[in-house]
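J.: Let me begin by handing over the structure; questions about it come next.
The values are calculated or read from the model by the stated rules, or taken from the named source; none is laboratory data. On a predicted model such as this, the values are computed, not experimentally measured, just so you know. Cβ atoms come from the backbone with ideal geometry, glycine included; neighbour counts cover every protein chain shown. These area figures cover heavy atoms from the full protein model, side chains too; ligands, DNA and RNA do not enter into them. Shrake-Rupley method; radii C 1.70, N 1.55, O 1.52, S 1.80 Å.
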Amino acid sequence: MAKSPEEKHAFYVKGQIKLAQDNTDCSQQPDSPLQVRAYNAANRFIGCGDVNEKGQFSFSLELEEVEAVHLSIAPIVEKGDEGRVPPFSKHYQIKDWQYTEAGNVLQVEETILSNVWRLWWPRYICIGGKIRKKIKEDGITKYCPVPYVKVEIFDVDREFCLWPWLKARLDVVKKLPVIQTPVLVKKPIPIPDPGPLAEAAAALQPLNTQTVSARITEQQQPELLDQLRDLTISSKIAPWVFWPRCFYSKRLICSTTTDCNGNYRCCFKWWPIHFRNGHFRFDSLPDIIIKVTQVIDGVEQVIYLDPYTSVRWNSTSGTINLTLDNEEIICGSGCDGTDVRGTSTFFTRIGNDEVYHIDQTKGTYEEGAWSNVAYGGNLNVHAVFGDTLSSGVSKRYYRLSIRKGMGSFTPINVPLSDTRVNKNTLLSTSYALGPFNINGTPNLYEVRDTNHFYWYNIQRIGQWRTLSPNSYPLLQVADEGKYTLRLEVFDENGNKMDSSQVDYRDGTAGPGITLPPMADRCDLIMQLDNKAPELDIQVPAATGACGVVKHANVPFDIHTTVNQENGRLYYWRLYYYKGLSGGGGNLASAASYTGLSTPAQSTISSSPMTNGLTSTCAFSLRLNAWPLIRNGYGLIHHRQINRAVAVEKCNC
């Protein structure tokens, strides 16, 4: 059949593409299909076509007449990744065209060498880890997970601008889990955060990276990396705002959200070739900066984290655990891992202490070698409610109350709130849980709706403030005593629900044991004690208010007394410092997991600190002690006293 004039003058390109193999691994192929793109002599796009599984392709060209054509062959990639894939390119002259009955055809048969097409084969990289916050309460440092926050991973292609500061302060930073950028460089950083592509960068004064003269050689970098393995450098503002010459590119390559335990995982394809500053640049692995954004009630808290020792790795995955020190970031208590069905209700923890470690005869914490450990301070109470009670279909409430011995019960009325996260939108809001007055029943807290929301602290049901005489005088425990902590459930109208409606259980049964039922309530027996140790240091040889000891009386005796009124003394130590030298050492100490005999009175020789003394010298004596009292996270009510003595030698 004769072709029309239009068809006879059609322009096509077709052919076969082969990928040459080498001796490394013949099974490796680009995991994205190839595409051929055509351009005319003026670099105008004139057509494209995909390469099939057999390496064949065919497509028409938008040409008016035969002319020179440039073909570009590369994998099909996501938008934004085009500049990371160096194409195979070749020019074809007018003489390469063939005229056929079908029209003008450019026949292409190309074999692409492996050193070209292997650059089309991206690495599949997964980055995971845990984000937690460092907090300090009651003298105890603890870490809590940061759930349901947005995590963005940037490839920054940075220079090592912070190495001089890290090296200069190595003795300090290598002992820290996290350090803020302003603290590291000792220069204030303005807020609020201008964002990763901030145009405000030009208006802000960049930090002078030339003020520290320390130089880091390539040989020193691995040594420093090993010493800074656990360090996270944090900043509320993107680091490239302050070091624009150090971070010469930044690109968002992945984003995800942490789970209830603060864990995150984000996977992406990494192309080893980058098009930058007019030329291709090889970069086999990414340099990572992580941005964490927490939005609660529409208020954004942003922090950038530089996981310094994990920015490169030699495999296709990386684990980057990060520590936050931003006080404004809100953390949770984790997933808790208790999935309870029906109407079952029971206590689970006091702080982080499982309630099955609390002896229900004595009310003390008994775990391993620890015994006779009482509770005190602010106590976070945790419990679970079955999914029938927490479905959100009908509101349910609960009441916490305490009593000493066989006295009457006093309700806990400390305000309680939590952060909840909509399961559909992942939007976070603050939510007040009580106490409420429901139809004349006071001091009730709302059972969390776990069907529609995630919660930061899903098991935390209240706080017993045992040391707030002004705010909560009825909850105060000034001395010691055995208390009952009671949990009761109420319906939407404020009516008490008994055992026929709620499956009350005793959570103090050990793991693997069926929890015994309890009648119409959950009770937990606890021994409370808020008596701190009492300490005293006496030096009989010292005279006057200044505590001067004649050199002739060296060595001399030091008398110490440590007492805990209720016989719960865990540890004491007497330590000394010598003059301004900073030297010192231990003079005496004692510890017992079940409690030392009290009062602990000792007579200690000064010999370890005065041996070899030939001139006048001043000393500081420090006596400290810990009682067997916990708040659910660690020991509390630590006490310490300091005394000064001077040994005087007259060279008259």
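J.: Under 7 Å between Cβ atoms, at least 6 apart or on separate chains: pull out the pairs that start in the stretch 361-373 with a residue that is closer than 14 Å to Pro627 by Cβ and modelled with pLDDT of 95 or more and end on any residue that is assigned to a strand (DSSP E or B) and among the basic types (Lys, Arg).
T.: These pairs meet every condition: Tyr365/Arg630; Val373/Arg630.
J.: Out of the residues in the stretch 499-524 meeting the condition of being hydroxyl-bearing (Ser, Thr, Tyr) and within 20 Å of Ser401 (Cβ to Cβ), tell me which one is surrounded by the most Cβ atoms within 10 Å (Cβ to Cβ).
T.: Tyr504
J.: Of the numbered conditions (1) touching a residue at least 40 places away in the same chain (Cβ under 8 Å); (2) open to solvent by 30 Å² or more (accessible area, probe 1.4 Å); (3) within 30 Å of Leu569 (Cα to Cα), Asn321 fails exactly one; give the number of that condition.
T.: (3)
So that you can scan it fast, the table gives a plain yes or no per residue for (1) farther than 16 Å from Phe409 by Cβ; (2) in a loop (DSSP other than H, G, I, E, B):
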residue: Gly481; (1), (2): no, no
residue: Glu492; (1), (2): yes, yes
residue: Ser499; (1), (2): yes, yes
residue: Gly512; (1), (2): yes, yes
residue: Asp523; (1), (2): no, no
residue: Lys531; (1), (2): yes, yes
residue: Ala541; (1), (2): yes, yes
residue: Ala552; (1), (2): yes, no
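J.: Which of the following residues is in a loop (DSSP other than H, G, I, E, B), of a type outside the set (S, T, N, Q) and open to solvent by 60 Å² or more (accessible area, probe 1.4 Å): Leu596, Leu580?
T.: Exactly one residue qualifies, and that residue is Leu580.
J.: If you don't mind, there's one more thing I want to ask. If you take the residues of the stretch 241-255 that are surrounded by 18 or more Cβ atoms within 10 Å (Cβ to Cβ) and part of a strand (DSSP E or B), which of them is modelled with the lowest pLDDT?
T.: Ranking the qualifying residues of the stretch 241-255, first place goes to Phe247.
J.: Scan Glu648, Glu565 and give me the residue that is within 30 Å of Val477 (Cα to Cα) and not polar (S, T, N, Q).
T.: Glu565
J.: Here's another thing I want to ask about it. Go through (1) open to solvent by less than 50 Å² (accessible area, probe 1.4 Å); (2) modelled with pLDDT of 85 or more; (3) over 37 Å from the mean Cα position of the chain (by Cα) and name the single condition Lys133 misses.
T.: Failed condition: (3).
J.: Taking interchain pairs and intrachain pairs at least six residues apart, which have beta carbon atoms under 9 angstrom, with the first residue in the stretch 575-595 and closer than 11 Å to Pro608 by Cβ and the second part of a loop (DSSP other than H, G, I, E, B)?
T.: Close Cβ pairs satisfying both conditions: Tyr576/Ser606; Leu587/Ser606.
J.: I would also like to ask the following. Quick check: is even one residue across the stretch 104-114 at pLDDT below 90 and under 44 Å from the mean Cα position of the chain (by Cα)?
T.: Yes, that holds for at least one residue.
J.: Looking at this structure, is Ser471 polar (S, T, N, Q), part of a loop (DSSP other than H, G, I, E, B) and over 34 Å from the mean Cα position of the chain (by Cα)?
T.: Taking the combined requirement at face value, the residue does not satisfy it.
J.: Can you tell me how many residues in the stretch 610-644 are of a type in the set (A, V, I, L, M) and open to solvent by 10 Å² or more (accessible area, probe 1.4 Å)?
T.: Summing the residues that are of a type in the set (A, V, I, L, M) and open to solvent by 10 Å² or more (accessible area, probe 1.4 Å) in the stretch 610-644 gives 5.
J.: Could I ask something else about it? So how many residues does the stretch 372-412 have that are of a type in the set (Lys, Arg) and buried (at least 21 other Cβ atoms within 10 Å of the Cβ)?
T.: Residues in the stretch 372-412 being of a type in the set (Lys, Arg) and buried (at least 21 other Cβ atoms within 10 Å of the Cβ): 2 in total.
J.: Quick check on this structure: which one of Ser315, Ser284, Ser310 is among the polar types (S, T, N, Q) and either modelled with pLDDT of 80 or more or under 19 Å from the mean Cα position of the chain (by Cα) (or both)?
T.: Only one candidate passes the filter, namely Ser310.
J.: With the condition kept exactly as written, say whether any residue in the stretch 487-497 is touching a Ser or Thr at 6+ places or on another chain (Cβ under 6 Å) and of a type outside the set (Val, Ile, Thr).
T.: Within the stretch 487-497, one or more residues are touching a Ser or Thr at 6+ places or on another chain (Cβ under 6 Å) and of a type outside the set (Val, Ile, Thr).
J.: Hey, another quick one. Quick one: how many residues across the stretch 140-168 are open to solvent by 60 Å² or more (accessible area, probe 1.4 Å) and modelled with pLDDT of 70 or more?
T.: 5
J.: Identify, from the list Gln527, Gln463, the residue that is open to solvent by 10 Å² or more (accessible area, probe 1.4 Å), of a type in the set (S, T, N, Q) and under 30 Å from Arg573 (Cβ atoms).
T.: Gln527
J.: Taking Glu6, is it open to solvent by 90 Å² or more (accessible area, probe 1.4 Å) and at pLDDT below 85?
T.: yes
J.: Report, by residue number, each residue of the stretch 396-415 that is under 22 Å from Met497 (Cα atoms) and hydrophobic (A, V, I, L, M, F, W, C).
T.: Selection gives Leu400, Ile402, Phe409, Ile412.
J.: Next up: Considering only residues that are among the aliphatic types (A, V, I, L, M) and surrounded by 17 or more Cβ atoms within 10 Å (Cβ to Cβ), look in the stretch 468-498 and name the one that is nearest to Arg403 (Cα to Cα).
T.: Per the stated criteria, the residue is Leu485.
J.: Looking at the stretch 431-468, which of its residues are within 13 Å of Asp418 (Cα to Cα), in a strand (DSSP E or B) and not acidic (Asp, Glu)?
T.: Tyr431, Ala432, Leu433, Gly434, Tyr445, Phe453, Tyr454, Trp455, Arg460, Ile461, Gly462, Gln463
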